[in-house]
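Below is one structure, written out as structure tokens, with a few remarks after it.
The values are calculated or read from the model by the stated rules, or taken from the named source; none is laboratory data. Keep in mind that this is a model prediction, so the values were computed, not measured. Don't worry about glycine lacking a Cβ; one is built from the backbone with ideal geometry, like all the others, and counts go over all protein chains shown. The area values use the complete protein model at the heavy-atom level, side chains included, leaving out ligands, DNA and RNA. Shrake-Rupley method; radii C 1.70, N 1.55, O 1.52, S 1.80 Å.
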Amino acid sequence: MSVAPLAAHVSAQPAPAFRGRIGSDARSGHYAVPGRYRLHLSTACPDGLRIAVTHSLLGLDTVCPATFLPAVPDTPEGSHCALRPLYEASAHHYTGPAVAPVLSDDWSGRIVSTHAPDIMRDLARRFGGDRPSPYPCGAESEIEAVERMCAQGIEDAAQRAGAAGGGESERAGALETLLETLDALERWLIGRTYMIRDEITAADVELWVALVQLDTVHRNHLDASAVQRIADHPTLWAYARRLAAHPAFGAHLDLDGIARRHHARCQGLEAAGAAVQILDWAVHAVR
């Protein structure tokens with residue numbers, strides 16, 4: 001899938017505290033052994049939701065167990081108390097927040113990675129087994145293009161469109177970027193079941209989570225007419241609805257947790273779009 005250049009605005013994302021990789025042999029240090037590694041996730045967090053869906057698609061419940069954390073961190077600085085020992089064991093005098101997602105090594109009691117894209121790729125490449133890979137051979141550039149489109153054209157644009165501190169022209173420009181991205185996706189998905197292949201890939205995981213965030217979080221800060229324009233993409237939202245009905249997707253959709261996490265973190269003002277729900281996710285999600 002080709003992606004048109006987007007607005008040259010990239011949200012400031014904190015660098016991952018740890019970025020180790022699971023290698024293919026003993027020389028890598030962190031080599032692939034079933035039962036050695038553990039995930040620590042909050043599915044109310046977009047990265048945690050992406051990893052949880054990928055983990056379920058690969059069927060890794062016993063190969064790499066997952067510990068699910070509360071939607072809202074339990075300390076004032078935004079840390080999960082349960083993760084503090086892992087962070088302190090992994091970095092001398094670590095003083096930063098103990099946040100999810102985390103891939104830890106049960107053998108050493110230390111963190112391998114807190115970088116979601118690396119974690120997802122390593123799970124698929126090192127433990128995927130006979131299941132279809134979310135990262136099929138030759139698809140990496142297409143998946144990366146969808147990742148950029150979702151990050152910049154949906155998530156970042158939606159956040160800027162609803163930002164209380166931005167100027168009116170900046171918010172309007174961000175909304176147009178968002179709508180142009182949704183228009184492109186709407187056209188692309190006509191006649192297709194999935195984004196880039198005839199089966200689910202990481203591109204579908206990425207886009208689905210972005211659409212969940214758009215409807216459950218970002219629309220709360222947009223006006224009603226903007227949300228109605230966003231909703232006016234029937235093919236795109238039908239695609240989101242189909243994936244919600246897939247057990248690997250819908251089973252991890254914690255709507256209450258997403259709402260509580262959003263209200264705990266959000267400093268913006270609620271707008272009329274909060275009353276214009278696009279999908280009834282609770283109805284469509286498989287439990």
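Report GLU206's accessible area, 1.4 Å probe, all protein chains in place, as a number in Å² to the nearest 10.
Probe radius 1.4 Å; accessible area of GLU206 about 20 Å².
Determine the sum of side-chain charges near VAL72: Lys and Arg each +1, Asp and Glu each -1, restricted to other residues whose C-beta is under 10 angstrom from that of VAL72. Spell out each step's value before the answer.
Details: positive: ARG260, ARG261, ARG265; negative: ASP74.
After counting each charged neighbour, the total is +2.
Where Lys and Arg each count +1 and Asp and Glu each count -1, what net charge lies around ASP118 among other residues with Cβ under 9 Å from its Cβ?
Counting the neighbours of ASP118, the net charge comes to +2.
Dividing the alpha-carbon Rg of the chain by 2.2 N^0.38 Å yields what?
Numbers: Rg = 18.9 Å, N = 287, 2.2 N^0.38 = 18.9 Å.
So the Cα radius of gyration is 1.00 times the expected 2.2 N^0.38 Å.
If R0 is 45 Å, what FRET efficiency do you get for ASP25 and ARG242 from their C-beta distance, rounded to 0.05?
0.70
What percent does the relative contact order of the chain come to when contacts are Cα pairs within less than 8 Å and at least six residues apart?
Working: 441 pairs, mean separation 59.7, N = 287.
This gives 21 percent for the chain.
Need one number: convex hull volume per residue for segment 125-254, Cα atoms only, in Å³. Could you put the intermediate results ahead of the total?
Details: hull volume 15.7 nm³, N = 130.
Taking only Cα atoms, segment 125-254 has a hull volume of 121 Å³ per residue.
Tell me what the chain gives for mean residue ellipticity at 222 nm when only DSSP H runs of n ≥ 4 count, each as -39,500 (n - 2.57), the sum divided by the residue total, rounded to 500 deg cm²/dmol. Don't jump to the answer; show the numbers that get you there.
On the way: 12 runs with 121 residues, N = 287.
It lands at -12500 deg cm²/dmol.
Quick one: angle between helix 116-127 and the longest Cα principal axis of the chain, in degrees between 0 and 90, rounded to 10, please.
Approximately 50 degrees, to the nearest ten.
Determine the sum of side-chain charges near LEU269: Lys and Arg each +1, Asp and Glu each -1, restricted to other residues whose C-beta is under 15 angstrom from that of LEU269. Walk me through the numbers on the way to the answer.
Working: positive: ARG160, ARG171, ARG219, ARG265; negative: GLU168, ASP223, GLU270.
Around LEU269, the surrounding residues sum to +1.
Helix 168-189 versus the longest principal axis of the chain: what is the Cα-based angle in degrees, 0 to 90, to the nearest 10?
70
If you place +1 on the Cβ of every Lys and Arg and -1 on the Cβ of every Asp and Glu, how big does the dipole about the Cα centre of segment 15-125 come out, in debye to the nearest 20?
Working: 10 positive and 10 negative charges, 59 e Å.
For this selection, approximately 280 debye.
Report the relative contact order of segment 87-176, percent, no decimals, based on alpha-carbon pairs under 8 angstrom and at least 6 residues apart.
Details: 53 pairs, mean separation 12.0, N = 90.
Reported relative contact order: 13 percent.
With each label point set 7 Å from Cα along the Cα-Cβ vector, what nm distance links ARG131 and GLN277?
2.9
Run the numbers on segment 128-189 and let me know its relative contact order in percent, using alpha-carbon pairs under 8 Å that are six or more apart. Write out the running numbers ahead of the final one.
On the way: 28 pairs, mean separation 16.7, N = 62.
Worked out over segment 128-189, it gives 27 percent.
Taking 0.36 nm per residue of sequence separation and subtracting the Cα-Cα distance, how much length would be gained by fully extending the chain between ASP74 and GLU199, in nm to one decimal? Please report the intermediate quantities before stating the final value.
Numbers: separation 125, 0.36 × 125 = 45.00 nm, distance 3.85 nm.
Going from the current span to full extension adds 41.2 nm.
So what's segment 41-138 giving for Rg/Rh, alpha carbon basis, Kirkwood Rh from the mean inverse pair distance? The partial results should precede the final answer.
Working: Rg = 14.1 Å, Rh = 14.2 Å.
Checking Rg against Rh, the ratio lands at 0.99.
Between GLU180 and ARG84, with labels modelled 7 Å along Cα→Cβ, what's the label distance in nm to one decimal, could you check?
According to this spin-label approximation, the distance is 4.7 nm.
Relative to the longest principal Cα axis of the chain, at what angle does helix 46-58 sit, 0 to 90 degrees, rounded to 10?
Computed tilt is about 60 degrees.
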